[in-house]
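Novice: I'd like to ask you about the structure that follows.
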Amino acid sequence: MDQPVVWAMAAMVCYGVTDFIYKQAAAAGIRADHFLMAQAWVFCPLVILYALATGNLVVVPAALWGSLAGLFAFIGFYFFIRSLATGAVSTNASIFRLNFVVTAALAIAVLGEPITRIKIVGLVFALIATRLLVGGERAADAASGEAQRRSLAQVAVATLAFGASNFFHTVGLRHGAVPETLAVAQAALFMPLATAVVWLTDRGLRAPAVTFKYGAAAAIMLLGATLFMLRSVARGQASVLVPIAQMGFIVAALLGIFVLRERITPRKAIGLLAAVAALAVLAAN
């Protein structure tokens, strides 16, 4: 198996554990904006220290693509969180998880990455797995009418923005920026934005202490996910590797089954099989 694919799968595992931590934090009643702020406060100094320690903090103009990616990643998370206020979690999460399609489409259309039949088959399997594993829960409390349409519009913006953020990282890599520097540039913009949202909402920065327990754990896993994904894309096709990396919901589903003893439904079993097929096809591509 090629090294970029191995790195993308390592990113997938890290993203999956991050998702699992996020679900645990949500179950503990931690607000999403508090969680993002705490995560950013830990992630930013960690990625700077790592880049300095490895000698990979190389300031070049192309690193600004990382800052642009940080801006769009924040927009993605912000509007996704806003969409959950009146929308169904199962529906909106399914839509948001499709952000890898945006990245793949931009990489093919703008960067000229090849489109092959086997790549299309892999992406189709990934779409099926996303819908089956992320969606499927009943949303009895979902709003209707204008509020629901507003929620869907917000999650659509979130999906496009987050998909674009990974594309901007790809552009930065193609212009000579190193993965660690792009990650630092992303964090340098994301952290103050996440902090500003909490400040404007609460008129202060008084997140519960338990928030940092979950936020720190998520930041460590997210650091690994970000670096693994950027390293993989630096040496391979974003239209293949980003979809692999973004399928962390597979890991989150498995953790739910084996750690939380969640029930294995036919829908979940078929979704896992579709995910395995997607990974096999994309890796072969």
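The values are calculated or read from the model by the stated rules, or taken from the named source; none is laboratory data. All of these numbers come straight from a predicted model, not from anything done at the bench. Quick reminder, even Gly has a Cβ in these numbers, built from the backbone with ideal geometry, and neighbours come from all protein chains shown. For accessibility, only protein heavy atoms count, side chains too; no ligands or nucleic acids. Shrake-Rupley method; radii C 1.70, N 1.55, O 1.52, S 1.80 Å.
Novice: Mind checking the per residue accessible area of region 180-240 for me, 1.4 Å probe, whole number of Å²?
Specialist: I get 42 Å² per residue for this part.
Novice: Give, in nm to one decimal, the length gained when the segment between Asp2 and Ile48 is fully stretched (0.36 nm per residue of separation minus the Cα-Cα distance).
Specialist: 13.7 nm
Novice: Something else: How charged is the neighbourhood of Phe100? Take every other residue with its Cβ under 15 Å from the Cβ of Phe100, and add Lys/Arg as +1 and Asp/Glu as -1.
Specialist: +1
Novice: A follow-up question, please. Based on the inverse mean of 1/r over its pairs of different Cα atoms, what is the Kirkwood hydrodynamic radius of region 152-285, in Å?
Specialist: One over the average 1/r among Cα pairs gives 17.6 Å for region 152-285.
Novice: Across every pair of different alpha-carbon atoms, what Kirkwood hydrodynamic radius in Å does region 1-105 reach?
Specialist: That comes to 16.3 Å for region 1-105.
Novice: Out of the total accessible area of the chain (probe 1.4 Å, heavy atoms of protein only), what percent is carbon and sulfur?
Specialist: Solvent-exposed carbon and sulfur of the chain make up 68 percent of the total.
Novice: Can you give the accessible area per residue of region 1-115, in Å², using a 1.4 Å probe?
Specialist: Using a 1.4 Å probe on heavy atoms only, each residue of region 1-115 averages 44 Å².
Novice: Run the quick spin-label model on Ala32 and Ala147: label points 7 Å from Cα toward the beta carbon, then report their separation in nm to one decimal.
Specialist: Here the answer is 1.6 nm between the modelled labels.
Novice: To the nearest 20 debye, what is the magnitude of the charge dipole of region 140-285 about its Cα centre, counting +1 on the Cβ of each Lys and Arg and -1 on the Cβ of each Asp and Glu?
Specialist: 160 debye
Novice: Continuing with the same structure: Based on the alpha carbons, how large is the Rg to Rh ratio for the chain when Rh follows Kirkwood?
Specialist: 0.95
Novice: Put +1 on the Cβ of each Lys and Arg and -1 on the Cβ of each Asp and Glu in region 171-285; which of Ile257, Ala245, Thr211 then has its Cα farthest toward the positive end of the dipole?
Specialist: Ile257
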